[in-house]
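**Student:** Got a structure for you, questions after.
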Amino acid sequence: MSKSSLMLAAAIAMSVVSPIAQAAETPARIVEIAAERGDLRVAFADGRILRGEDLKGATISIAGLKDLKVADVQVDPTDKQHEIRLFELLRQDEAGEWRSICNKAYDGRTSALVMGDPRDPTRITITCAAGNYGKCARFGYAPWRQAPDGRPMELWHQACLKMLPAEYGGNGVPHTVNGMKIDIFDFIGINTPDSEDEMPFEAGWTPNGAVCVAHARVPKVATLADVAAAFPALPTGSEHCTQEAARAAGALVLNRSLIQ
């Protein structure tokens, strides 16, 4: 698995050695490790709780990866609610050099995010900001939040996860290539269309895939005719797929893209 899409389930085997615990003569026992709205919370038997920036300098062991160093923790500057923490996690390579476990994201950061199952925060996932899970959370679709109408934002997050790889049929098959620029927007005020961009409308998305497709994102991967043949029930073409039609069909997230 590439570092840009690194995602590790950490609920089963995760331990944290904090700078405070390392300095104590008798380190307190950890009683719980959980995700907390884009942050990591570590609770000790003596009542202390460490989270976010408190964990800078800590050592974390996650299933499959031992002795990760928390080199830095910052509030995500793109998060309007100031909840998401960006963790710079390092591990030693064979030469003994400390390197980030993540590749660079779109903003140049090599950070990781901590995300929990909305139903069980102790089921923790560490995902790179360069991966789709991290991107969708940073775009404003953090799955632990609620939409303005009270619905779980997890629905928008799942729709975003279908949109980024152009998974039109919602069946795990992508229809794009790395590096494609898209303009993302919605109807709940999280993201608005870029008024300076002349990209045409591409598709509307739900957690099940596209509700309609105006044009194929990368015709050399799949033409619009290919998409229509693969998913005959899916409305295709700009005459059948507009922003208004996508909204009426239940789209949560929409995008525009250049026709390549």
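The values are calculated or read from the model by the stated rules, or taken from the named source; none is laboratory data. Being a predicted model, the structure only gives us computed values, none of them experimental. Reconstructed Cβ throughout: ideal geometry from the backbone, glycine too, with neighbour counts over all protein chains shown. For the accessible areas, the whole protein counts, side chains as well, though only heavy atoms, and no ligand, DNA or RNA atoms are used. Shrake-Rupley method; radii C 1.70, N 1.55, O 1.52, S 1.80 Å.
**Student:** If you plug each phi of region 175-191 into the Karplus form 6.51 cos²θ - 1.76 cosθ + 1.60 with θ = phi - 60°, what whole-Hz ³J(HN,Hα) values come out, in order, with x for Gly and Pro?
**Tutor:** The phi angles translate into 9, 8, 10, 4, x, 6, 8, 9, 10, 9, 8, 8, 10, 10, x, 7, 10 Hz.
**Student:** Let me ask something else. Quick one: net charge around Val177, please, counting Lys, Arg +1 and Asp, Glu -1 for every other residue with C-beta under 13 Å from its C-beta.
**Tutor:** My count for the surroundings of Val177 gives +3.
**Student:** Search the structure for amide H atoms under 5 Å from the amide H of Ala129, placed 1.01 Å from N in the peptide plane, and list their residues when 5 or more places away or on another chain.
**Tutor:** Answer set, sorted by chain and number: Ser111, Ala112, Leu113.
**Student:** Give me a comma-separated list of calculated 3J(HN,Hα) values for region 33-43, in order, Karplus coefficients 6.51, -1.76, 1.60 applied at θ = phi - 60°, integers in Hz, x for any Gly or Pro.
**Tutor:** After applying 6.51 cos²θ - 1.76 cosθ + 1.60, I find 10, 8, 7, 9, 6, x, 10, 10, 10, 10, 9 Hz.
**Student:** OK, next. Quick one: among Lys104, Lys80, Lys69, which has the greatest mean-square fluctuation in a GNM of the chain with alpha-carbon springs under 10 angstrom?
**Tutor:** Its mean-square fluctuation being the largest, the pick is Lys80.
**Student:** Work from the charge dipole of the chain (Cβ charges, +1 for Lys and Arg, -1 for Asp and Glu, about the Cα centre) and give the residue of Pro193, Gly140, Ile49 farthest towards its positive end.
**Tutor:** Towards the positive end, the residue furthest out is Ile49.
**Student:** Please give the per residue accessible area of the chain, computed with a probe of 1.4 Å over protein heavy atoms only, in Å².
**Tutor:** With all protein chains present, the chain gives 49 Å² per residue.
**Student:** When ranked by the protection proxy of mean other Cβ atoms within 10 Å per residue, highest first, what sequence do the peptides 89-97, 119-127 form?
**Tutor:** Ranking, from highest mean packing down: 119-127, 89-97.
**Student:** Excluding Val75 itself, calculate the net charge of residues whose Cβ lies under 10 Å from the Cβ of Val75, where each Lys or Arg counts +1 and each Asp or Glu counts -1.
**Tutor:** -4
**Student:** Something else: Express the relative contact order of region 104-260 as a whole percentage, based on alpha carbon pairs under 8 Å and six or more residues apart in sequence.
**Tutor:** Relative contact order for region 104-260 comes out at 20 percent.
**Student:** Next question. Would you mind counting up the charge near Cys136? Only other residues with Cβ under 14 Å from its Cβ, with Lys and Arg at +1 and Asp and Glu at -1.
**Tutor:** -1
**Student:** What angle, in degrees between 0 and 90 and rounded to the nearest 10, separates the Cα long axis of helix 154-163 from the longest principal axis of the Cα atoms of the chain?
**Tutor:** It is inclined by approximately 60 degrees.
**Student:** Can you tell me which lysines have their Cα less than 23 Å from the Cα of Lys181? Leave out same-chain residues fewer than eight positions away.
**Tutor:** Correct list for Lys181: Lys3, Lys80, Lys104, Lys135, Lys162, Lys220.
**Student:** Using θ = phi - 60° and the Karplus relation 6.51 cos²θ - 1.76 cosθ + 1.60, list the HN-Hα couplings for region 214-227 in order, rounded to whole Hz, with x at every Gly or Pro.
**Tutor:** After applying 6.51 cos²θ - 1.76 cosθ + 1.60, I find 7, 8, 6, 5, 9, x, 5, 8, 7, 6, 4, 5, 5, 5 Hz.
**Student:** What is the magnitude of the charge dipole of the chain about its Cα centre, with +1 placed on the Cβ of each Lys and Arg, -1 on the Cβ of each Asp and Glu, and no other charges, expressed in debye to the nearest 20?
**Tutor:** Computed charge dipole of the chain: roughly 420 debye.
**Student:** Now, a different point. Ordered by packing density, taken as the mean number of other Cβ atoms within 10 Å over each peptide's residues, highest first, how do 246-252, 34-40 rank?
**Tutor:** Sorting 246-252, 34-40 by mean packing, highest first, produces 34-40, 246-252.
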